[in-house]
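Colleague: Quick one: the structure is below, questions incoming.
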Amino acid sequence: MIQQAMLGIGLTLMLAVSTMAQEQPLASSVISTQQADPLGSWNDGPTKAAILQFVQDVTKEGGPKFGPPEQRIATFDNDGTLWCEQPVVQFEFAIHRIKAMAGDHPEWKELEPYQSVLAADVQRLVDDLASGGHEFLKVIETSHAGMSVEEFDRHVKEFFATAKHSKFDVAYTQLAYAPMVELLAYLRANGFKTYICSGGGIDFMRVISEETYGIVPENVIGTNGRNEFKQVDGQWQLFKTADHLFFNDKATKPTGIDLHIGRKPILAGGNVRSGGDIGMLTYCHSNTLPSFQLLVNHDDDNREFAYAEKDNASLKAAKAQGWNVVNMKTDWKTMFSND
């Protein structure tokens, strides 16, 4: 009996040791994951620390700043906030489409805004966007409407498969900012729903949003017209129109967010260029729940581009309302994922 008991104890000990040996790598992996820096592309500093602290505060159950998962809404501008906007990618796509269509429209050589588009005068469209965007919208209507959604998607995919950035000589989708893609993933890992809220076309961004940012198409808010469901050649399809065009920029961004989400974001990110994100960040700041605003400042002419607003409206708003400003030069360790 004693020998049987000793044998049983020995087998139990052997099993325990074996089990511990099998579990040890898993435990090490968990510890390693917990210790890994979720924002490794960011330099240590007050901006990174503020982001980490905010997420920790709103996800701590029972804490004074806890935000229920259903309230963890994060909205981000796209151009200049999530990827490079010099040049604006959708402008480049519009130029691509206008040039492809120009053979059927010889009058465009003498007619604005097409004359500027054919001459690749993108700055004219940028300036127009800052002053109301009427010419920009005309170009978008001409190059984007009058076709099925499926046909439009094919044009967009073909553009992204062939077009390259003039300075960096890589596909535009490779110029998503690594720190922001990392931030999006970090927020989702902590129960946030992440959205794009941009002045860019909603159908255009939806083609690449999931692959580039991990943001599903239904979480994209942008400029859009009313699509029409109709039968053509015996097939029912959605067709893009320019009817009831909603320009999702500046003061209309909160309207777009309310229409698509129905909740105020508790985190919003925009960038310095045209003042187009002041409305969204102000809307986020008006939330009665703890909130966080992030404004990307383009001050790195070496790794990307350096530019500012003539009136510094965005930076002035950030200072007045206590928003967090991301200075690319000092806050970002890595600019793009392929750096």
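The values are calculated or read from the model by the stated rules, or taken from the named source; none is laboratory data. These numbers come from a predicted model, not from an experiment. Note that each Cβ is placed from the backbone with ideal geometry, even for glycine, and that neighbours are counted across all protein chains shown.
Colleague: So, in segment 267-279, how many residues would count as being surrounded by 24 or more Cβ atoms within 10 Å (Cβ to Cβ) and touching a helix residue (DSSP H, G or I) at 6+ places or on another chain (Cβ under 6 Å)?
Modeller: Residues in segment 267-279 being surrounded by 24 or more Cβ atoms within 10 Å (Cβ to Cβ) and touching a helix residue (DSSP H, G or I) at 6+ places or on another chain (Cβ under 6 Å): 4 in total.
Colleague: If I ask for residues that are farther than 17 Å from Gly201 by Cβ and aliphatic (A, V, I, L, M), which ones from segment 222-256 would you list?
Modeller: Val232, Ala251
Colleague: Further question on the same structure: Tally time: how many residues in segment 117-150 are in a loop (DSSP other than H, G, I, E, B), touching a residue at least 60 places away in the same chain (Cβ under 8 Å) and either touching a Ser or Thr at 6+ places or on another chain (Cβ under 7 Å) or exposed (fewer than 13 other Cβ atoms within 10 Å of the Cβ) (or both)?
Modeller: Result for segment 117-150: 1.
Residues checked against (1) within 27 Å of Ala50 (Cα to Cα); (2) in a loop (DSSP other than H, G, I, E, B); (3) more than 16 Å from the chain's Cα centre (by Cα):
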position	(1), (2), (3)
Phe229	no, no, yes
Ile257	yes, no, no
Gly269	yes, no, no
Met280	yes, no, no
Pro290	yes, yes, yes
Leu295	yes, no, no
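Colleague: Write out, first by first residue and then by second, each pair whose Cβ atoms fall under 7 Å of each other, whose residues are 6+ apart or on separate chains, and whose first residue, in segment 215-232, is surrounded by 20 or more Cβ atoms within 10 Å (Cβ to Cβ) while the second is among the aliphatic types (A, V, I, L, M) and part of a loop (DSSP other than H, G, I, E, B).
Modeller: Note: pairs meeting the criteria are Gly225/Ala145; Gly225/Ala242; Gly225/Leu245.
Colleague: In segment 89-116, how many residues are part of a helix (DSSP H, G or I), aliphatic (A, V, I, L, M) and more than 20 Å from Ile208 (Cβ to Cβ)?
Modeller: Summing the residues that are part of a helix (DSSP H, G or I), aliphatic (A, V, I, L, M) and more than 20 Å from Ile208 (Cβ to Cβ) in segment 89-116 gives 3.
Colleague: Which of the residues belonging to segment 204-227 are at pLDDT below 95 and either in a loop (DSSP other than H, G, I, E, B) or of a type outside the set (Val, Ile, Thr) (or both)?
Modeller: Asn224, Gly225, Arg226, Asn227
Colleague: Among the hydroxyl-bearing types (Ser, Thr, Tyr) and either within 11 Å of the chain's Cα centre (by Cα) or surrounded by fewer than 21 Cβ atoms within 10 Å (Cβ to Cβ) (or both): is that true of Ser286 in this structure?
Modeller: yes
Colleague: Could you check how many residues of segment 237-251 are part of a strand (DSSP E or B) and either polar (S, T, N, Q) or in contact with a Lys or Arg (Cβ under 7 Å, 6 or more places away or on another chain) (or both)?
Modeller: The total comes to 2.
Colleague: May I ask you to list the residues in segment 67-88 that are more than 12 Å from Gly191 (Cα to Cα) and either assigned to a loop (DSSP other than H, G, I, E, B) or over 17 Å from the mean Cα position of the chain (by Cα) (or both)? Don't jump to the end; show me each part of the working.
Modeller: Taking segment 67-88 and keeping what is more than 12 Å from Gly191 (Cα to Cα), we get 75-88.
Once the filter is applied, which keeps residues that are more than 12 Å from Gly191 (Cα to Cα) and either assigned to a loop (DSSP other than H, G, I, E, B) or over 17 Å from the mean Cα position of the chain (by Cα) (or both), segment 67-88 yields Asp77, Asn78, Gly80, Thr81, Leu82, Cys84, Glu85, Gln86, Pro87, Val88.
Colleague: Among what's in segment 297-320 and is in a loop (DSSP other than H, G, I, E, B) and of a type in the set (Asp, Glu), pick the residue that is nearest to Gln86 (Cα to Cα). Explain how you work it out, then say what you get.
Modeller: Quick first cut of segment 297-320, residues in a loop (DSSP other than H, G, I, E, B) only: 298, 300-305, 307-312.
Add one more test, that the residue is of a type in the set (Asp, Glu), and what stays is 300-301, 304, 309, 311.
Working: Asp300: 13, Asp301: 11, Glu304: 9, Glu309: 14, Asp311: 20 Å.
The qualifying residue nearest to Gln86 (Cα to Cα) is Glu304.
For every residue, the table says whether it meets (1) closer than 25 Å to Asp311 by Cα; (2) hydrophobic (A, V, I, L, M, F, W, C).
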{"position": "Lys109", "(1), (2)": "no, no"}
{"position": "Tyr114", "(1), (2)": "no, no"}
{"position": "Ala120", "(1), (2)": "no, yes"}
{"position": "Gly133", "(1), (2)": "yes, no"}
{"position": "Leu137", "(1), (2)": "yes, yes"}
{"position": "Ile140", "(1), (2)": "no, yes"}
{"position": "Arg154", "(1), (2)": "no, no"}
{"position": "Thr162", "(1), (2)": "no, no"}
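Colleague: Let me ask something else about it. Mind checking which residues of segment 120-131 are more than 20 Å from Lys109 (Cβ to Cβ) and under 23 Å from the mean Cα position of the chain (by Cα)?
Modeller: Val126, Asp127, Leu129, Ala130
Colleague: Regarding segment 175-185, can at least one residue be identified that is assigned to a helix (DSSP H, G or I), of a type outside the set (A, V, I, L, M), modelled with pLDDT of 95 or more and crowded, with 18+ Cβ neighbours inside 10 Å?
Modeller: Checking segment 175-185: at least one residue is assigned to a helix (DSSP H, G or I), of a type outside the set (A, V, I, L, M), modelled with pLDDT of 95 or more and crowded, with 18+ Cβ neighbours inside 10 Å.
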